[in-house]
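Nothing in this text is a laboratory measurement; each read-out follows from the coordinates by a stated rule. Predicted, not measured: the structure shown is a model, and the values here were computed from it. Reconstructed Cβ throughout: ideal geometry from the backbone, glycine too, with neighbour counts over all protein chains shown.
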Amino acid sequence: MLNTPVKFILNGEKTEYTGNPSHRLLDVLRSDYSLTGAKCGCKEGECGACSVLIDGKLINSCLVSMGSLSGSSVVTIEGYSKTARFDTLEKAYASVSAVQCGFCIPGMILASECLLSNNPNPTEYEIREGISGNLCRCTGYNAIVKAIGIAADTKNTAPACDCKHNHEAERTPLLSLQEALELRKTTNLIPYAGGTDLMVSESSLEKKFLYIGNIPELKQITEDEKHIRFGAACTFTQVINNKLSPEILKEACRGIAAPAIRNAGTIGGNIANGSAKADSALIFMVTDSKLLIKSADSERIIPIRDFYLGDKKLNINPNELIVEILMPKHGLDNYYYKKVGARNALSIARTSFAGILDIQDGIIKNCAVAFGAVIDTIIRFDHIDKKLIGKNTDEAKALKAEYFAMYDEAVVPRRGRVSVQYRKNVCMNLLKDFLEVNGI
Amino acid sequence: MIRMKNISTSMQKIDHFEKITGKAKYVCDYPTTDMLHGRILRSSIAYGVVNSVTLPELPDGYFYVDKNDVPAVNVVHIVQDDTPVFTHHVKYIGDPIGMIVGSDELVLNELFHEIKVEYKEQTPIFDARHSGVVFFDYNINKGDTDAAFSGADHIFEGDYETGLQEHMYLETNAMIAEYKDGKMYVHGSMQCPYYLHGAVAHATGLAPENVIIRQDVTGGGFGGKEDYPSVLACQVAVAAYKAKGKKVRVVFSREEDVIATSKRHPSFCTYKVALKDGKIIGMISDVLLDAGAYTTMSMVVLQRSFIAAAGVYDIPNLQIHGHARQTNTVPNGAFRGFGGPQTFFAIEMMMTHISRELGIDSADFKMKHFAKQGDLTSTCGKYHFPVPLPDMTKDILAQSDYHKKKEAYKNQKGRYRKGIGFSAVFHGVGFTGNGERDKIKAVVSLRKNTDDTVEILTSSAEMGQGVNTTFTKIVAAALEIPPERVIINLPDTSRVPDSGPTVASRSIMIVGELIRRAAERLKSLWKDGEEQIITEHYEHPDFMIPFDSENYKGDAYPTYSWAVTAVEVEIDTLTGYIAIPGVWASFDVGTLIDENIVIGQMEGGIVQSLGYGMMEKCAIRNGHISNKKLCDYIIPTALDFPNIKVSFFVDKYIKGPFGAKGAGELPHVGGAPAVLDAIQNALDTMLNKVPFMPEDIMEVLSC
């Protein structure tokens, strides 16, 4: 099940790729198609110089495995630069001399296009947000931001870039969930949804993937009486844009990396890679969400907390897939969330904190706290939080010292990109602030 | 296009369209069919001798080169001759041992991982303060410091440290070489084609006319492609020499670029300052730079650095000791500002610390000591031209509402604490001392073609800073012809004279003035329809006080560009996070040859400088750099420093084209001290190191 040949549309033309499906789109564009406008600055989705549009969305082509492209429409700078919308951006960039060394610019232009096609009248902040995954070392970004603003102010009636309308790609029939689960049973293919983590590894070329990013059952966001049900292959962008998503989850997803990563990365992947720095997983932990895990022959629902067994071990069998994340519908409005990163975008959590305090009629119905990027898994100590549940604010205040003392003992950070002491200080500071802003 | 009325009015950059459409060809964009790939074997230890290199069996057409394959001399000529092309006596983690070469990149990588190297390790030195190997040692003496200190009523002392900084240009280093018909052709990403030319000729033993260096479109340099490309050029040339007519290409991965290429020198400065009646009367300073494993650019970086140790201040009695010492770490080299950011950080912080002790505002204290026209520089040269700092300072303090904010930010107690800081700096333009006259001896030509187009022939490299556009404007304006009739290509040493390297903020002021003069001459000799060639040679400004490079006396620079910066911060005391609500900066770079281009240089430089101050930490331990990736070595994104306001104060320079001075490096000098001053203000303390990170903030807060 390697999905070759891969039929897709490249700059409006049908094409077929018959090479190794694990190869990166960036390398294939540059070598097989001689399209060198997409540049390689890092091969880890960090610089954005390799940005392309896939089905109209900004994507880092270094993190796309060819096999995942079946039925997609890919637009590179070479294709986009033939459009009327490009002309508007090109002139705007020229008017403020926004191009210096130029290495980031093809990617920057496609990020500009993606931003403006979704939001024709962006604020300055939204412009900066839109290009926040495209590193530029020359300009300091001001001229680029100005150029995008000028382009937005230019009346532009050309339709958003979509070379797909010319040809509907012959889509390799999509896998159903059941078929994918059968493959999990019989092969040792690695599940691949967004690729944003898998493709960072140098050894990705030798891996064989099971492409689950397009399985319809994994792409839905629905609700039942008690839960919001997120398909595991929903991207962060999908979650942010869905009205069923609670604000706490949206805020955490908005803080993930940058647009191109959010367009590709999935919440299921964020959980399944087992990282303690996973921003959306922290929210699923603090909300005591559950995972629906299926194999071809069975299914089970487990609290997400039981999914992480410590030391990077996960509670999942080789024949299973995470299908849905079930998040409680109620009691999430009063939340506290803080991700401490090294910069305002493209940042990996140095420490993160999420808290929920559900107070009804003066009584604490629920108190939940989770810390990310402190040890090797996200941590959540509900036995400590239980101290405050069922209490009123005054009673909680009286228990505060004890509550902190228990956390002070329980939170034992490991050294990572930052020191143990720093992590500890930040955790305790945020925990205190969480209670203080709630009058405790 | 109509003729230019005002040289400062921006025109579309001439490389804009090819870059924005993705058509511009960087060295990594050349088709690789018929090309061999090279991968460099690097030392995994910091200091020692390679006992053996065991290669796997190499398929046909694959080969290995090392020090024994260097045709002439195993030396990369930079300033001195201690950098080897390849070595078996390794001095840092990443030192090149050899290169494996072959046609298939994937096969090559597999073979590469099978190579086994055995070493005999020696004891490395990682701390420059404990290094016994002094590469360079210089002294400045001005006035009588003994008398000043014995007559002082206050003496202040301070220690200051700055860290490594990585250039992190978006395009990694890359080079292609081909040896054909007795000639060596090398092209790639670079700032200084003639540096490569000299180095490749020296290492291969080929006659200068048989070495041809061509610059490809270059994806950023910032000094990082000043000396380093000479190393890589020699390495690919050695491989090409053996490859018998095949091209050899090396394109660095990001990690290799971080491990192997130069960085900004870490520094350790100590200051002792004598005051009498509230005025500084003497200063003794020690400036130590960590050179890394080889001398590369350290001599000239140190010179610029220690000459600037007294900052923009008029200090009558001065003693400055500068030394650069060897460590077993990656060689440190050129980086925008070139030693200036280190000592300007130190002196600017020292000034704030003295004023804090005296209980007066630091901006006022600094203003009281600004040098002015006619004053002596640290090397007893002269500030020949007006020093516009007082006006620029008044402007920036007003723009930023500095005094009011500084007062308001005293004694803050809440979660978020604000602070405002200020710095005043210069950048001496062109090579230090007699460098332009004795070493560089720039030559430029203009060639008028029979169709009356005019081609600019210089070795200046366009790397994003816009030199091809500004040169075009200078020549078009001087000749009074439309810019469309001016031709400029990326330099090729077989076609252009040596107008020097693209460094030291010299391109406009030195090379630009030469092409302006050439254009003036061409205009007076102009003959329609005829081919004409005009050549100009560097002339040392006659007003300069001769520079004695033994005793560091005389004019180190003909003139200076000036910058005043105010930065505001807001610190989250729960996390140590530093937000930057505002930056206000004023620059005097003389006439702006192109407004957009200069603004772009200033904004980009400020952002790098703020990164240097509070974000960019190169985590090096025992010679090993652990943050080799863009996700770990943090550079600013579009969301980090949004509010930067740049303004200009134009003091025209008589010897610069249309009054222009140097611009490129200046904005990287003043940002770090201003942001640290702001953090000090917010935390009500004294700080003495960059980068200053959230972890450091939390440490201060928990004290």
Which Rg and Dmax, in Å, describe the Cα atoms of the protein assembly as shown?
-> 30.3, 96
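Could you sort A:411-418, B:76-83 so that the peptide with the highest average Cβ count within 10 Å comes first and the rest follow in order?
B:76-83, A:411-418
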Computed over segment A:335-440, the Cα gyration tensor eigenvalues, each multiplied by 5 and square-rooted, give semi-axes in Å (largest first) of 26, 14, 11
When all alpha-carbon pairs of chain A are counted, what percent fall beyond 43 Å?
-> 16 percent
Taking each full run of DSSP H in chain B as one helix, which ones are at least 20 Å long along their axis (Cα atoms) and have mean Kyte-Doolittle hydropathy of at least 0.5?
-> B:228-242, B:667-683
Under a 10 Å cutoff between Cα atoms, tell me which one of A:Ile54, A:Ile359, A:Ile77 has the largest fluctuation in the Gaussian network model of chain A.
-> A:Ile359
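Is it possible to state the helix-based mean residue ellipticity at 222 nm for chain A, with each DSSP H run of 4+ residues giving -39500 (n - 2.57), the sum divided by total residues, to the nearest 500 deg cm²/dmol? What is it?
Taking each H run of at least 4 residues, the total per residue is -9000 deg cm²/dmol.
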Distance between Cα centroids, segment B:416-433 to segment B:324-368: provide it in whole Å.
-> 9 Å
Nearest-0.05 FRET efficiency for A:Asp376 and B:Ala408, computed from C-beta distance (R0 41 Å) | 0.40
Virtual spin-label span in nm between A:Asn392 and B:Asn68, 7 Å along Cα→Cβ | 8.9 nm
So who's got an amide H within less than 5 Å of the one on B:Gly582, skipping anything under 5 residues away but keeping other chains? H placed 1.01 Å off N, in plane.
-> B:Glu568
If amide H atoms are built 1.01 Å from N in the plane of the peptide, which residues on other chains or at least 5 residues away come under 5 Å of the amide H of B:Ser494?
-> B:Ile213
Return the whole-Å distance between the Cα centroid of segment A:238-265 and the Cα centroid of segment B:638-652.
-> 33 Å
Ranked list, fewest to most other Cβ atoms within 10 Å of each Cβ, for A:Leu430, B:Leu55, B:Leu36 | B:Leu55, A:Leu430, B:Leu36
So the FRET efficiency between B:Val133 and A:Val412, C-beta based with R0 = 41 Å and rounded to 0.05, is 0.40
Classify segment A:1-150 as rounded, prolate or oblate, taking a ≥ b ≥ c as the square roots of the eigenvalues of its Cα gyration tensor: rounded when a/c is under 1.5, otherwise prolate if a/b is larger than b/c and oblate if not.
-> prolate
With the dipole of segment B:620-686 worked out from charges on the C-beta (+1 for Lys and Arg, -1 for Asp and Glu) around the Cα centre, which of B:Asn643, B:Asn622, B:Thr685 lies farthest toward the positive end?
-> B:Asn622
Could you tell me which of the pairs B:Lys276/B:Lys382; B:Lys441/B:Lys527; A:Lys329/A:Lys386 are separated by over 27 angstrom between their Cα atoms in the structure shown?
-> B:Lys441/B:Lys527
Return the whole-Å distance between the Cα centroid of segment B:606-637 and the Cα centroid of segment B:1-72.
-> 23 Å
Extension gain A:Ser203-A:Lys432, at 0.36 nm per residue separation less the Cα-Cα distance, in nm?
-> 78.1 nm
Is it possible to state the helix-based mean residue ellipticity at 222 nm for chain B, with each DSSP H run of 4+ residues giving -39500 (n - 2.57), the sum divided by total residues, to the nearest 500 deg cm²/dmol? What is it?
-> -8000 deg cm²/dmol
If you line up the long axis of helix A:393-410 against the longest principal axis of chain A, both from Cα atoms, how many degrees apart are they, to the nearest 10?
-> 70 degrees
Report, as an integer, the average count of C-beta atoms from other chains found within 10 Å of each Cβ along A:265-277.
-> 0
Note: probe point = Cα of B:Lys645 + 7 Å toward Cβ; backbone nitrogen < 15 Å; residues of segment B:571-612 passing the test are B:581-587
B:Arg521 versus B:Ile115: modelled label distance in nm, points set 7 Å from Cα along the beta carbon direction = 4.9 nm
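Under the 0.36 nm per residue contour assumption, what length would be gained going from the current alpha-carbon distance of B:Ile654 and B:Asp181 to full extension?
Gain on extension, B:Ile654 to B:Asp181, equals 165.5 nm.
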Sorting A:Glu179, A:Glu16 on the 10 Å Cβ count, fewest up front, what's the list?
-> A:Glu16, A:Glu179
By its C-alpha gyration tensor, with a ≥ b ≥ c as the square roots of the eigenvalues, how is segment B:316-434 shaped: rounded for a/c under 1.5, else prolate for a/b larger than b/c, else oblate?
-> oblate
Quick one: angle between helix A:177-186 and the longest Cα principal axis of chain A, in degrees between 0 and 90, rounded to 10, please.
-> 80 degrees
Heads up, chain B by the C-alpha gyration tensor (a ≥ b ≥ c square roots of eigenvalues; a/c under 1.5 rounded, else a/b over b/c prolate, else oblate) looks oblate
Sorting A:Ser31, B:Ser400, B:Ser10 on the 10 Å Cβ count, fewest up front, what's the list?
-> A:Ser31, B:Ser10, B:Ser400
Go through B:Leu574, B:Tyr169, B:Met99 and say which Cα lies farthest out towards the positive end of the charge dipole of the protein assembly as shown; charges sit on Cβ, +1 for Lys and Arg, -1 for Asp and Glu.
-> B:Leu574
For chain A, longest principal axis from Cα atoms; helix A:420-436 axis from its Cα atoms; angle between them, nearest 10 degrees, is 70 degrees
Amide proton proximity set for B:Val76, modelled H, under 5 Å, gap of 5+ | B:Thr83, B:Val85
Within chain A, percent of DSSP bridges classed antiparallel, to nearest 5 | 90 percent
Given a Förster distance of 30 Å, the FRET efficiency implied by the Cβ-Cβ spacing of A:Asp224 and A:Thr187, rounded to the nearest 0.05, works out to 0.40
